[in-house]
1. Within segment 80-113, name every residue whose backbone N is under 13 Å away from a label modeled 7 Å from Cα of T14 along the Cβ vector.
2. I'd like the Kirkwood hydrodynamic radius of segment 19-86, using the inverse of the mean 1/r over distinct C-alpha pairs, in Å.
3. How compact is the chain by the rule of thumb for globular proteins, expressed as Cα Rg over 2.2 N^0.38 Å?
4. Output the 0 to 90 degree angle, nearest 10, between the alpha-carbon long axis of helix 160-174 and the longest principal axis computed from the alpha carbons of the chain.
5. Need the C-alpha centroid separation for segment 134-181 versus segment 23-102, integer Å.
6. Once the convex hull of the alpha carbons of segment 112-181 is built, what does its volume come to per residue, in cubic angstrom?
7. Straight-line reach from K98: which aspartates and glutamates fall under 20 Å, measuring Cα to Cα and dropping same-chain residues less than 8 apart?
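Just so you know, all these numbers are worked out from the coordinates, no wet-lab data involved. None of the values given here were measured: they were computed from a predicted structure. Cβ coordinates were reconstructed from backbone atoms using ideal geometry, including for glycine residues, and neighbour counts include every protein chain displayed.
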Amino acid sequence: MRWRSEHIWLELITGSRKLSNFFWALIVFLGSLGFLLAGTSSYLGRNLISFIPSQPIIFFPQGIVMSFYGIAGLFISSYLWCTISWNVGSGYDRFDRKEEYATIFRWGFPGKNRRIFFRFRIKDIKSVRIEVKEARRVLYMDVRGRGAIPLTRTDENLTPREIEQKAAQLAYFLRVPIEVF
């Protein structure tokens, strides 16, 4: 979502709370739970899942491997659910020409550096840069003393026209040049 006035440009960044992440976290959880129950059923010798018979599955080595895959999948699923609940990657970009400050804020993983916060003067912005690598296009802001700061997510699939429009609008708003790499 983008909001823009004469002096302020505010862009909200969506993090890991996307429909696709919910979908994959649920699929991985259910699949790993199925593997773990199948492995446990083969160990106990009785059906814990009514529609999958455990008698054809021998505990050593198939049951052990299925249990291992189930446990590994539960760890991966837990990681996905944690990133969704922490909303990693969400935040905002705010450019204020009146106060002449730019602010970049993102939420990271819990810990000492959970809040990723950059604030710098607009006159320190050298350029808005588009970097094209194979099929991936990323928008950066080149800042004196800080280097290139990414403004788009790496998984954001913008068409060449969309990324060019976004770069042109931002460069025009900030009154800086555009570079293409």
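1. 90-91
2. Here the Kirkwood hydrodynamic radius works out to 12.3 Å.
3. Taking the Cα Rg and dividing by 2.2 N^0.38 Å, one obtains 1.49.
4. Here the helix axis deviates by roughly 40 degrees.
5. 35 Å
6. 105 Å³
7. E6, E11, D124
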